[in-house]
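Have a look at the structure below before the remarks.
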Amino acid sequence: MAKIYVTVGYGEQAEVRPGVWENKLTERNYFGNLNRNSRRLQTADQLNDNIVIANEISIVADQFAYDNFHAILYVEFMGAKWKITNVEVQHPRLILTAGGVYNG
């Protein structure tokens, strides 16, 4: 397991003006471990296939992470933002599973 330092992005719905809601992003940094590092190509109706990673990242969570694990949108890893597809709570850690590139 490699030691890593990642940025995790949280999204919270906020009303910017009456009737208009947007995602308010909050980023927090965490230390953790890279449990699994893998990638696959996903065939699409495009010229090129999409790259999808199936990385599993274990972060040492703080109280903010526990209270808002349902709002985790992405993790910044290897120079890109990757969409989080699954979050597993294993106190004192959160296990994040990354998927495709985050386009938020």
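The values are calculated or read from the model by the stated rules, or taken from the named source; none is laboratory data. Just so you know, these numbers come straight off a predicted model, no measurement behind them. Methodologically, a virtual Cβ is constructed for each residue, glycine included, from the backbone with ideal geometry; neighbour enumeration extends over all protein chains shown. Surface accessibility is based on the protein's heavy atoms, side chains included, excluding ligands, DNA and RNA. Shrake-Rupley method; radii C 1.70, N 1.55, O 1.52, S 1.80 Å.
How much of the accessible area of the chain, probe 1.4 Å, is carbon plus sulfur, in whole percent?
Numbers: 3280 of 6740 Å².
The computed percentage sits at 49.
In percent, what relative contact order does the chain have, based on Cα pairs under 8 Å that are 6 or more apart in sequence?
Details: 219 pairs, mean separation 26.6, N = 104.
That works out to 26 percent.
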Quiz prompt | Size of charge dipole - the chain - debye, nearest 20, with Cβ of Lys, Arg +1 and Asp, Glu -1, no other charges | solution = 280 debye
Quiz prompt | H70/V16 FRET efficiency (R0 30 Å; Cβ-Cβ; nearest 0.05) | solution = 0.90
Exercise. Would you indicate which of (i) 1.02; (ii) 1.25; (iii) 0.92 is the value of Rg/Rh (Cα atoms, Kirkwood Rh) derived from the coordinates of this structure?
Key: (i)
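Using a 1.4 angstrom probe, figure out how much accessible area the chain has per residue, in square angstrom, rounded to the nearest whole. Walk me through the numbers before you get to the answer.
Values: 6740 Å² over 104 residues.
Value for the chain: 65 Å² per residue.
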